[in-house]
Amino acid sequence: MDGRTASRLVFALIVVVGAVVVVAGALGAEPGSATRAADVEAGATVAPPTDGITVISTDSNTWLGKESDGPRANAELFAVGPGGELRYYDDSHTRYWDVDPVAGTDATVEYVYADHLNASECGGESVCTRNGVERVNLTTGEVTSVFSRVTPGKHSTRWHDVDRIDDSRLVVADIGNDRVFVVNTTTGIVEWSWNAQNEFRVNSSGGPYPSDWTHLNDVEVLEDGRIMVSLRNHDQVVFLDRETGLLEDWTLGADGNHDVVYEQHNPDYIPADRGGPSVLVADSENDRVLEYHRTDGSWERTWTWRDGRLAWPRDADRLPDGRTLVTDSNGNRVLEVAENGSVVWELEVAFPYEAERLGTGDESAGGPARSGATSEGTEDGPGETSNGTATPAVGDSAGGGNDGFFDPGSLVSGPLVNAVRYVMPVWMGVPELVGLVLASLAAVLWAALEWHWSTLSVGLRSPVDLERRP
């Protein structure tokens, strides 16, 4: 066998194997019952049993066959009961974001949504977005509009989070205007606002200005009246006093310091009476969940969790029993992590944004701090030490997860991979992505070699050679 034949066989093998991996992933994709909840009868079992009702919002869903706005166009809001049964389902909005329980109720939540509107719906020549808050009784299905506003454009103008101050006032994370504002939903009047330009220079910090400078994606009203804010593109969690503004000494992270947090989502504050002050945060681009404890005026990392599958997490709530409810967006799952790092409950969900366990308070409101311990799930299972350094241990496969097997996702992570996975179909995991890339590269190189060999076969020569006589 000559060299060309051998090369052709190698390239053909790579292309075929890569294609088989991709096709098998597409044909054998099992998105999970919850991601196809529109086809599931109410009350059908879609998840493992757990404590309380779990409400999940998704940024997208490609499994319902409605791709009017790209491959990740269709979002869902659904609730899973303690027995794993489907309690509620809705997919009437373009995107669903923050979900909060309504105080004094057992099964009513408020959620943030975004609807992409075309130019004619916007009354102009360009598209716009309706950002709003609705309240739904998960038992009766009754939906009540709370507040909404129309913003120009889409994507970076969508609100991701709203937090309630009292019966008539909300604090809003306004991504498009790089601001936090308090609105009275009865009068519609904005009573207070803080703009990031008051404290940060637009040309030397954050993301591109003005298109997506801060990506201010989360707000939380603390018991003492302060407001904690996530400036995603500044890699910072900041604290605001409504009288004096930014509390600089309390800032967690720094622009470009990706060792602390890297384009984070949904930080939760845990006060001193529950072991804090601490901040539990989804460290999204670093593919991990972290907790920082405030000691002597500075932030010290005291807890870390990740496993071989975790990819671009965007929410983490500390539950009263010490477990952590994690939303793994690019990992397409919602999971519950025990104190030793093992996965005890898991549900496959197409591109989830946030999960909320009812009966435990808003987000991490009922959960304790995990000061002084670090647990990390690896391909070998969960690990835990008390000195801030994780060590592997034998996995507990009873709760799902990777069951102790190697996950190639542990080798492929970071912002570039997360960006690629964001636009790929939800069934395309790391193996399918690697297969597609390898098959494509092999096909291109094979074509280039065939062209090169064809030029040699026709005997192309230099002009000097063509003038020579035999």
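Projecting the Cα atoms of SER204, LEU231, VAL190 onto the charge dipole of the range 171-252, computed from C-beta unit charges around the Cα centre, puts SER204 farthest toward the positive end. With unit charges on the beta carbons (Lys and Arg positive, Asp and Glu negative) and the dipole taken about the Cα centre of the range 211-367, which residue among ALA365, ALA311, LEU240 sits farthest to the positive side? So the residue we want is ALA311.
Peptides 220-233, 351-364 ranked from most to least packed by the mean count of surrounding Cβ atoms within 10 Å: 351-364, 220-233. Each Lys and Arg contributes +1 and each Asp and Glu -1, all at the Cβ; summed about the Cα centre of the range 101-165, the dipole is approximately 160 debye.
How large is Rg/Rh for the range 225-361, to two decimals, with Cα atoms and a Kirkwood Rh? Working shown, then result.
Working: Rg = 14.6 Å, Rh = 15.2 Å.
That ratio equals 0.96.
One Cα centroid belongs to the range 5-28, the other to the range 193-212; the line between them spans 47 Å. Placing pseudo-labels 7 Å out from each Cα toward the beta carbon at THR187 and ASN340 gives an inter-label distance of 5.6 nm.
With the cut-off at 1.5 for a/c, could you classify the range 101-229 from its C-alpha gyration tensor as rounded, prolate or oblate? Intermediate values should be presented prior to the final figure.
On the way: a/c = 2.13, a/b = 1.23, b/c = 1.73.
Taking the square roots of the gyration eigenvalues as a ≥ b ≥ c, the range 101-229 is oblate.
The label-point distance for VAL20 and ASP259, in a model that sets each label 7 Å from Cα toward Cβ, rounds to 4.6 nm. Of the residues THR139, VAL171, VAL80, the one whose Cα sits farthest towards the positive end of the charge dipole of the range 80-224 is VAL171 (charges of +1 on Lys and Arg Cβ, -1 on Asp and Glu Cβ, taken about the Cα centre). What shape does the range 92-175 take by its C-alpha gyration tensor, where a ≥ b ≥ c are the square roots of the eigenvalues and a/c under 1.5 counts as rounded, a/b above b/c as prolate, and the rest as oblate? Cα axes put the range 92-175 in the prolate bin.
Calculated FRET efficiency, SER92 to THR455, Cβ-Cβ distance, R0 = 56 Å: about 0.40 to the nearest 0.05. Averaging 1/r across all pairs of distinct Cα atoms in the range 203-303 and inverting the result yields a Kirkwood radius of 13.7 Å.
Among HIS93, HIS265, the ranking by other beta carbons within 10 Å of each residue's beta carbon, starting with the fewest, stands as HIS93, HIS265. Centre-to-centre separation between the Cα atoms of the range 99-130 and those of the range 314-348: 26 Å. Exposure proxy ranking for TRP97, TRP194, TRP446, based on other Cβ atoms within 10 angstrom of each Cβ and starting from the fewest, stands as TRP446, TRP194, TRP97. Evaluated with a Cβ-only charge set (Lys, Arg +1; Asp, Glu -1), the range 219-347 carries a dipole of roughly 320 debye about its Cα centre, given to the nearest 20. Each Lys and Arg contributes +1 and each Asp and Glu -1, all at the Cβ; summed about the Cα centre of the range 312-359, the dipole is approximately 60 debye. For ASN195 and LEU445, a Förster radius of 60 Å and the Cβ-Cβ distance give a FRET efficiency of 0.70, rounded to the nearest 0.05.
Read-outs: derived from the displayed coordinates by stated rules, not from any lab. Quantities reported herein were computed from a predicted structural model and do not represent experimental measurements. Methodologically, a virtual Cβ is constructed for each residue, glycine included, from the backbone with ideal geometry; neighbour enumeration extends over all protein chains shown.
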